[in-house]
2 protein chains.
Amino acid sequence: MSAATKKREANPTLRDVASRADVSTTIASRVLNDDPAVRVREETRQRVIEAAKELGYAPNSIARSLRKSRSDAIGLVMHNLASPMNTTVLEGVRGRCAEAGYVTLLADSEQLAAESSRLSSFLARGRLAGVILHVGHGHHDTLIEDVSRHVPAVLVNADSSGLVPSARLDDVSAGRTAAEHLIALGHTDVAFVGGPEGSITSLGRQRGYEDALRGIERGAGAQMINAGWTAEHGEAAANAILNMPALPTAIVVANLVTASGVLAVLRSVGVRVPHDVSVVAIHDAWLAKYLTVPLTTVQLPLFELGETAAGLLLDILAGKSGGQGALITDPPPRLIVRESTAAPRASRT
Amino acid sequence: MSAATKKREANPTLRDVASRADVSTTIASRVLNDDPAVRVREETRQRVIEAAKELGYAPNSIARSLRKSRSDAIGLVMHNLASPMNTTVLEGVRGRCAEAGYVTLLADSEQLAAESSRLSSFLARGRLAGVILHVGHGHHDTLIEDVSRHVPAVLVNADSSGLVPSARLDDVSAGRTAAEHLIALGHTDVAFVGGPEGSITSLGRQRGYEDALRGIERGAGAQMINAGWTAEHGEAAANAILNMPALPTAIVVANLVTASGVLAVLRSVGVRVPHDVSVVAIHDAWLAKYLTVPLTTVQLPLFELGETAAGLLLDILAGKSGGQGALITDPPPRLIVRESTAAPRASRT
DNA sequence: TTGTAGGCGTTATCAT
DNA sequence: ATGATAACGCCTACAA
């Protein structure tokens, strides 16, 4: 036996416990599962518990799953774990699932969509009680369909498309909060940098932004521009803005990561934030403090988003039917003012 | 049936396939598993395959695991997924495991250590073929012991403590690369900001730094200071440095996240980077480009680290014994020069 | 109050 | 070349 092949404890079965406690497996099973319908002598119960402890017995989850034909694993399909926002959602999902006694099987949406062998291994029969899909704005409709054909599924921050319930952030409110902050500072030339064209998340935030601007007389710089969710997209958007005939005095960026790129470009061309232009982004994370300028953000309840999605699925698994989904309005979007926003120069005395 | 309770495809069993193809389950099983030892008529084989396809048969992984008494799931215990470096390691692990046909069960080391119920549910008998532990520098020795008592385990970037093999980065080389870059620029007052005291990772990088400095005449600013792995730790370290009697002209920070905090403090007190002080950090990630100054980094093969750890475990599972672990020297640490490093002022003409 | 036995879906052994 | 059967470990009617 090599050094790496150490002795591992044997795996005692229920039968071992039963025979050591001089009872049948029935009694052992019932006692260890606290079956309320069983009435055993206290002495017997203790013998069983004692035997289990001495043997270091733990039930075999595979056998149990097979017998009860249900699993205690929940699949989580995510895209882009490199985004700090997504890891927060993941924590929320995992926390809520763990509370309910489920473990979490993680998969990447791109890989699942790309290699059918991975998808089928992930969805292998009997493995998953349900699946939570956080797949962003891609062309994942067939993936969602494939998955939900096999097991109960819920979506995170996506169009529920009627078929699968979805947990959603209040994007409209977030967009409005960001824009209203700038308007309150006196800005009228407020640009909007969105995510990829057609993204429902981006669209919601844009709508909030437009709601807010409806109340004021917009300046010529109040333009809308589609970008994407990466920092590079933000760089491109910033360059596009710099080429606009009328420069905005403030920018709402639909995403923190995108905003990183916007800020970097502004700095590199000598546009001062917030002196020349104010920037506010949607989503908060630790890194917001450490960008070229500490960034003012609108914090959204990402952890709760994960929890809510998990809750939706757990309801379905408990036969309660998750309904059409949930829009998370509590806690509401929270403005975190740092150093990237200020009154426009023109209005300063 | 409510809207959310949609019709799900039934789950045909091997028996269904067998009866539809008019063969025994034995044959069906062997054909579908491409058992080379079976010699059936081509016509029969086709009948089985056809029947399986028509029924949409997929094997039940739970039943299979039970029968073969081994699982195709690998547990990944991680700490601090908020760190962009760790998600890269995760991708590497998952990629390698998936190639080998394993799925990945994710758990958080803090939660596993804190709640024994979570640990036992995670380690539930039969569930996991093996576990990969990436638990950082905490007091997780008992966790590691608990886990490795149950299933084969490997460590990521940790002291293997002789018991469990570990995949390690070449920290010494990384520290040396960072310091040599600064020395080549003409710096002699090079400070080092490390991780938490006693961290083996930090110690390795520090050793590399000291190796590099050994060749030159060190200035008074060449101090060593322990911090931690968070941005806040970096802020504290920067403040400590600013209070030193002799200021360094350059700083090696043992971690990208820590460096974010260092840069922010330097900026807030008006110390210009790289004009007044150069900064280089170990580890690269997308955000390095977007900090207060685009940060010069030493990129380490994090994806490969994950792959290697997974490979170690897979070897063990295949009976090949992972040995004492692996030090990843290929690819070597790679310097990525951005804008945070330059020659010291004194040596400029 | 306790025990017997069947079966969850699969694979492996041993016959035919 | 193909099939019957047992067994993986557990839970749960049903029986006693």
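Tell me the residue from A:GLU235, A:GLU217, A:GLU180 that is under 19 Å from A:VAL337 (Cβ atoms) and among the acidic types (Asp, Glu), please.
Just a single option satisfies the conditions, and that option is A:GLU180.
The conditions are (1) out of contact with any Asp or Glu (no Cβ under 9 Å at 6 or more places or on another chain); (2) at pLDDT below 95; (3) not polar (S, T, N, Q), and B:VAL131 fails exactly one of them. Which is it?
With respect to (1) out of contact with any Asp or Glu (no Cβ under 9 Å at 6 or more places or on another chain); (2) at pLDDT below 95; (3) not polar (S, T, N, Q), B:VAL131 is out only on (2).
Could you grab me the full set of residues in the stretch A:252-272 that are surrounded by fewer than 24 Cβ atoms within 10 Å (Cβ to Cβ) and either within 11 Å of chain B (Cβ to nearest Cβ) or of a type in the set (Val, Ile, Thr) (or both)?
A:ALA264, A:VAL265, A:ARG267, A:SER268, A:VAL269, A:VAL271, listed by residue number.
Of the conditions (1) of a type in the set (Ser, Thr, Tyr); (2) in contact (Cβ under 8 Å) with a residue 24 or more places away in the chain; (3) not assigned by TED's automatic domain parsing to the domain that holds B:VAL257, B:THR201 fails just one. Which one is it?
Unmet condition: (3).
Given the conditions (1) facing another protein chain (nearest Cβ under 7 Å); (2) over 22 Å from A:SER65 (Cα atoms); (3) in contact (Cβ under 8 Å) with a residue 60 or more places away in the chain, and given that B:GLY95 satisfies all but one, which numbered condition is not satisfied?
(1)
Checking A:PRO248 against (1) out of contact with any strand residue (DSSP E or B) (no Cβ under 8 Å at 6 or more places or on another chain); (2) buried (at least 20 other Cβ atoms within 10 Å of the Cβ); (3) modelled with pLDDT of 95 or more, only one condition comes out false. Which one?
Here A:PRO248 meets the rest and fails (1).
How many of the residues making up the stretch A:12-32 are open to solvent by 90 Å² or more (accessible area, probe 1.4 Å) and either near DNA strand D (Cβ under 7 Å from one of its atoms) or assigned to a helix (DSSP H, G or I) (or both)?
Number of matching residues: 3.
Restricting to the stretch B:33-48, name every residue that is in a loop (DSSP other than H, G, I, E, B), more than 8 Å from DNA strand D (Cβ to nearest atom) and open to solvent by 80 Å² or more (accessible area, probe 1.4 Å).
Of everything in the stretch B:33-48, those that are in a loop (DSSP other than H, G, I, E, B), more than 8 Å from DNA strand D (Cβ to nearest atom) and open to solvent by 80 Å² or more (accessible area, probe 1.4 Å) turn out to be B:ASN33, B:ASP34, B:PRO36, B:ALA37.
Please state which of the following conditions A:HIS137 fails to meet, knowing it meets all the rest: (1) within 18 Å of A:LEU317 (Cα to Cα); (2) touching a Ser or Thr at 6+ places or on another chain (Cβ under 9 Å); (3) outside any helix (DSSP H, G or I).
Here A:HIS137 clears every test but (1).
With (1) in the same structural domain as B:ASN86 (by TED's automatic domain parsing); (2) at pLDDT 95 or above as the list, and B:HIS187 as the residue in question, which single condition is left unmet?
B:HIS187 satisfies every listed condition except (1).
Evaluate the stretch B:49-67: report whether one residue or more is closer than 30 Å to B:PHE303 by Cα, in a loop (DSSP other than H, G, I, E, B), away from DNA strand D (no atom under 16 Å from the Cβ) and open to solvent by less than 70 Å² (accessible area, probe 1.4 Å).
No.
Does A:LEU76 fit the bill of being in a helix (DSSP H, G or I) and touching a strand residue (DSSP E or B) at 6+ places or on another chain (Cβ under 7 Å)?
no
For residues that are assigned to a helix (DSSP H, G or I) and surrounded by 16 or more Cβ atoms within 10 Å (Cβ to Cβ), tally how many sit in the stretch B:305-349.
Total satisfying the criteria: 13.
Yes or no: the stretch B:150-164 includes at least one residue that is assigned to a helix (DSSP H, G or I), open to solvent by 50 Å² or more (accessible area, probe 1.4 Å) and either within 16 Å of DNA strand D (Cβ to nearest atom) or closer than 23 Å to B:GLN299 by Cα (or both).
Yes, the conditions are met somewhere in the stretch B:150-164.
Does B:ARG118 fit the bill of being free of Cβ contacts under 8 Å to residues at least 24 places away in the same chain, within 23 Å of A:ALA107 (Cα to Cα), of a type outside the set (A, V, I, L, M) and within 9 Å of chain A (Cβ to nearest Cβ)?
yes
Identify, by number, the condition in (1) more than 30 Å from B:ALA342 (Cβ to Cβ); (2) modelled with pLDDT of 95 or more; (3) crowded, with 20+ Cβ neighbours inside 10 Å that B:GLU91 doesn't meet.
(3)
I need every pair where a residue in the stretch A:51-74 that is over 25 Å from A:PRO152 (Cβ atoms) has its Cβ under 7 Å from the Cβ of a residue that is of a type in the set (A, V, I, L, M, F, W, C), sequence separation at least 6 or different chains.
Partner pairs satisfying both residue conditions: A:ALA51/A:VAL17; A:ALA51/A:ALA21; A:ALA52/A:VAL17; A:ALA52/A:LEU32; A:LEU55/A:VAL17; A:TYR57/A:VAL17; A:ALA58/B:ALA124.
The values are calculated or read from the model by the stated rules, or taken from the named source; none is laboratory data. Owing to the predicted nature of the structure, the values given are computational and were not obtained by experimental measurement. All Cβ positions, glycine included, derive from the backbone under ideal geometry; neighbour counts span all protein chains shown. Only protein heavy atoms, including side chains, enter the accessible area calculation; ligands, DNA and RNA are left aside. Shrake-Rupley method; radii C 1.70, N 1.55, O 1.52, S 1.80 Å.
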